Amino acid sequence: ALWWQYRYAQRAIQTMILGFAHPCLVVENADAVKDFYCDMFGFNVIGQESWSNQPMIDIAINVPGSNVNGYMLAGHNCFLEIHQYNTPAASTDGPQSLSANEKGIRHLAFLVDDCFAESIRFEKLGGSIFSEPVEMSPGVHAVYGRDPFGHIIELFEPVSDDEKLTALPGISHLQQY
């Protein structure tokens, strides 16, 4: 076993997962992405992040020589992290070259109350929609598209009461929506 696995084995028994923390979008222009997600989805900036020449961070993320600036955003019952790597250079073209069926995390989904209205607003803010919203079940719609930076976004209306954010244990227990 690795030293840290042994060291924390007993402690892990007494801890618990508190919740899903955040996805991170790696982008070419952190400021532009921040502005889009704040305007479209109502996120607020809760922190700015930057580092350069930090060997322990490089070890943790397994990216030697990283130089990053970005933001942590808070939204409706979620957080979103945005990173712009100034170094090292990326080895791929980015998300715009990947389809929804490619392996890895491929889209961010947002619950909306009106898929048609939000898809129009999404396009007005620079996103592109793949098709008009489709009916997933009677009266319930969803649509996929790309944000202005190539990331696939899903806008969908909750299909059942189980999919409403208020049904999540941490939210329903606290009665904080």
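The values are calculated or read from the model by the stated rules, or taken from the named source; none is laboratory data. Predicted model, so just to flag it, every value in this text is computed and none were measured. Please note: Cβ atoms are built from the backbone with ideal geometry, for glycine as well, and neighbour counts cover all protein chains shown. Ligands, DNA and RNA are stripped out before the accessible areas are found, and what is left, the full protein with its side chains, is counted by its heavy atoms. Shrake-Rupley method; radii C 1.70, N 1.55, O 1.52, S 1.80 Å.
Counting DSSP beta bridges in the stretch 14-170, what percent are antiparallel, to the nearest 5?
The antiparallel fraction comes to roughly 75 percent.
Kindly provide the trypsin sites (Lys or Arg not before Pro) of the stretch 26-116 that DSSP labels as loop, not H, G, I, E or B, and whose Cβ sees at most 12 other Cβ atoms within 10 Å. Could you put the intermediate results ahead of the total?
Numbers: sites: 34, 103, 106; in loops: 103, 106.
In loop regions of the stretch 26-116 (DSSP not H, G, I, E or B), the sparsely surrounded trypsin sites (Lys or Arg not before Pro) are 103.
Which loop chymotrypsin sites (Phe, Trp or Tyr not before Pro) in the stretch 91-152, with loop taken from DSSP, have no more than 15 other Cβ atoms within 10 angstrom of their Cβ?
130
Using only protein heavy atoms and a 1.4 Å probe, report how much of residue 159 is accessible, in Å² to the nearest 10.
Near enough 80 Å² of accessible area.
At a 1.4 Å probe radius, which order do 58, 93, 114 fall into by accessible area, largest first?
Listed by decreasing accessible area, they come as 93, 114, 58.
List the GluC sites (Glu not before Pro) within the stretch 17-112 that DSSP assigns to loop and that have no more than 15 neighbouring Cβ atoms inside 10 Å.
Here the sparse-neighbourhood loop sites are 28, 102.
I need to check one value: relative contact order of the stretch 31-126, counting alpha carbon pairs closer than 8 Å and at least 6 residues apart, in percent.
Relative contact order here is 23 percent.
For the stretch 9-161, what is the Kirkwood estimate of the hydrodynamic radius, computed as the reciprocal of the mean inverse distance between distinct Cα atoms, to one decimal in Å?
With all distinct Cα pairs of the stretch 9-161 included, I get 17.3 Å.
Restricting the count to DSSP beta bridges whose residues both fall in the stretch 105-171, what percent are antiparallel, rounded to a multiple of 5?
Around 65 percent of the beta bridges assigned by DSSP in the stretch 105-171 are antiparallel ones.
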